[in-house]
Amino acid sequence: MNHDPFKWGRPNDATYGAYNHHIAQATPYAYEEQHASSTSTTTSSFPKMNTQNPIITGTSVISLKFKDGVILAADNLGSYGSLARFTNIERLIRVGKETIVGISGDISDLQQIERILEELETTQEVYDNFDGGDDLKAPHVHEYLSRVMYNRRSNMNPLWNAIVVGGFDKDGKTPFLKYVDLLGVTYGSSTIATGFGAHLAVPLLRQLIPEDKDYVNITEEQARECILNAMTVLFYRDARSLDKFSLVTVKNDGEFKFEKELRCEGQRWKFAKDIRGYGSAQQ
Amino acid sequence: MFRNNYDNDSVTYSPTGRLFQVEYALEAIKQGSAAVGIVSSTHVALVALKRNAEELGSYQKKIIKIDDHMGIALAGLAPDARVLSNFLRKQAMTSKMIYNKPISTQSAVLSIADKAQENTQSYGSRPYGVGLLVGGYDESTDSCHLYEFQPSGSVLEYYGAAIGARSQAARTYLERNLDTIRGSEAHLSQEELIVHALNALRDTLAQDVELTYKNTSVSIVGKNTPFALYDDENVQQWIDKLDAVSNSRNRSNGDDDDDDEDDNDDNKDDAVKTETGATADAGESAADSAVGANIQTDAGQEDRMETE
């Protein structure tokens, strides 16, 4: 066996000829560079490569419907690999009067989406808000984002994010909560979490809301308690998380509450000393 | 002989500050047969009078569906209206596709207004030769709207509007009946709305013409009412609800001496319009017949483009 990892999974040189190392060195600009300097035709024949992985990342967004609104929460960490690089990243974005967008994944793509949403808001405000009633509602924002995400993935250049859109349906009363990710996949549910939270927080959220329709029995207080608890548990278990987070509550009476710099309260780390099998305590 | 030097293109102003090409386009609307629209608080009705080029030919379509919540009625060059309606349909589909939202009537009509305005200030293009009545129901505001679109790019909202040949007569009817149609106590049913629209349309008829299932188009759209178009056999049910199918002036008590001059040609009147409100009928037709005679000598029937 060839023990050089760079040779692994590559076609056998003897059969296919030498491996084209330009492939590994392809950049988003390779195509443009090649066409700019048309004199040197000897450069890479490999056209172009887009984002293959996120760089600065934000972890889970968790969210719940309750009987008269939605709650979203996301921590303020921007990780660079396993390094907690930035601790002041705001990942919940307000769009219009009553819609909140929570974004996990690549932070630079988050900033791009922030700009797209701002443009969307401006366009609607200027061109489509004549009677003062034609607001940008959550279903419209979600549909638009899903088109953006699917378009980008179809161009093989995805925005590396998973997004939760919360707000109200076209009737302005029914809570709305839907997901869209870098593949353009969408779904709606009464409990949505992205990233690590999809594994760890969703079961906790579903303890409160076992089935989609059950959100109508949940009060704001119950929903809030459940979200706060889930944020604490995520901080225990998710190594890319922070105990400082933002929390947004939107209610159909018009209240929009944006709380920043909340802390995971009542942490109890006693369980940690008993954890075995990884980290510094091997036995 | 006098020749107008300032109408060769649509970008040159005359010394008096007019754009003749744009004004000619507005005239083209008046050559087309009439279309009438009315809004109640819950519905919009569009009705129109269709023309056939010859006895054995078919009638030109006058009302076009844009989406489940929107339709247009046209007067003027039908091919131009087709281009605009195709564009509107595209806009409506785009809105559904990317926003999951039916396009609002106002943003739809402003989108074609922008297109039309561009033609009034670019060299080498001509203004659209068609006027439209755009009626639609807006889900987001739960309201109905009726707009008149003109080739100049101007858009105005109306409770009741009429465009096309002899449309002043229809406007007069609408003005006289505004209170019953739009008054604070008026809650017209779809049926009453359509009957009012057809009554207005009826007043635009030439003396020897009646509303028939062949020459009448009716459409309605509104709250919980997807756009519905009634043509041919389907329109008879609405015509049956009218007390009469001919122009009210022809049925009046012998006081029709000024109407007699009105029937020389459908296309000629409305070339000049006197805006004198309720009394316009009588004064208008007298003035028109005089002007109509002039036009007949100037422009032969042959080089006039067919308008609907």
* Asked: Using protein heavy atoms only (no ligands, DNA or RNA), what is the total accessible area buried between A and B, 1.4 Å probe, nearest 100 Å²?
  -> 1300 Å²
* **Estimated distance in nm for a label pair at residue B:90 and residue B:27, the labels positioned 7 Å out from Cα along Cα-to-Cβ** => 3.1 nm
* **Surrounding net charge for residue B:161, when Lys and Arg each add one and Asp and Glu each subtract one, Cβ distance under 12 Å** => -2
* Structure fact -> By the mean-Cβ-within-10 Å protection proxy, highest first, A:228-241, B:15-28 rank as A:228-241, B:15-28
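Quantify, in whole percent, the carbon and sulfur part of the accessible surface of region B:201-254 (1.4 Å probe; protein heavy atoms only).
Numbers: 1080 of 2560 Å².
Heavy-atom surface of region B:201-254 belonging to carbon and sulfur, 1.4 Å probe: 42 percent.
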* Please give the average number of partner chain Cβ atoms lying within 10 Å of the Cβ of each residue in B:140-147, rounded to a whole number. => 3
* Structure fact -> From the Cα centre of region A:195-265 to that of region A:62-92, the distance in Å is 10 Å
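Please compute, for peptide A:144-150, the average count of beta-carbon atoms on other protein chains lying within 10 Å of each residue's beta-carbon. Can you show the working numbers first?
Working: counts 5, 1, 2, 4, 1, 0, 0.
The shielding value for this peptide is 2.
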* Asked: What's the average, rounded to a whole number, of partner chain beta-carbon atoms within 10 Å of each residue's beta-carbon in B:100-109?
  -> 4
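Tally Lys/Arg at +1 and Asp/Glu at -1 over every other residue whose Cβ is under 13 Å from the Cβ of residue A:244; what's the total?
Working: positive: A:91, A:260, A:263; negative: A:75, A:90, A:243, A:259, A:261, A:265.
Every neighbour counted, the sum reads -3.
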* Structure fact -> Links exceeding 28 Å between C-alpha atoms in this model, out of A:257/B:96; B:101/B:241; A:178/B:101; A:178/A:257; A:65/B:223, come to A:257/B:96; B:101/B:241; A:65/B:223
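Rolling a 1.4 angstrom probe over the protein heavy atoms, how many square angstrom per residue are accessible across region B:79-176? Present the calculation step by step, with values, prior to reporting the outcome.
Values: 3970 Å² over 98 residues.
Per residue, region B:79-176 has 40 Å² of solvent-accessible surface.
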* Asked: Carbon and sulfur together cover what percent of the accessible area of region A:127-199 at a 1.4 Å probe radius?
  -> 52 percent
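The values are calculated or read from the model by the stated rules, or taken from the named source; none is laboratory data. Remember, it's a predicted structure, so these values are computed and weren't measured experimentally. Positions of Cβ are generated from backbone atoms using ideal geometry, with glycine treated the same way; all protein chains shown enter the neighbour counts. Accessible surface areas use protein heavy atoms only, side chains included; no ligands, DNA or RNA. Shrake-Rupley method; radii C 1.70, N 1.55, O 1.52, S 1.80 Å.
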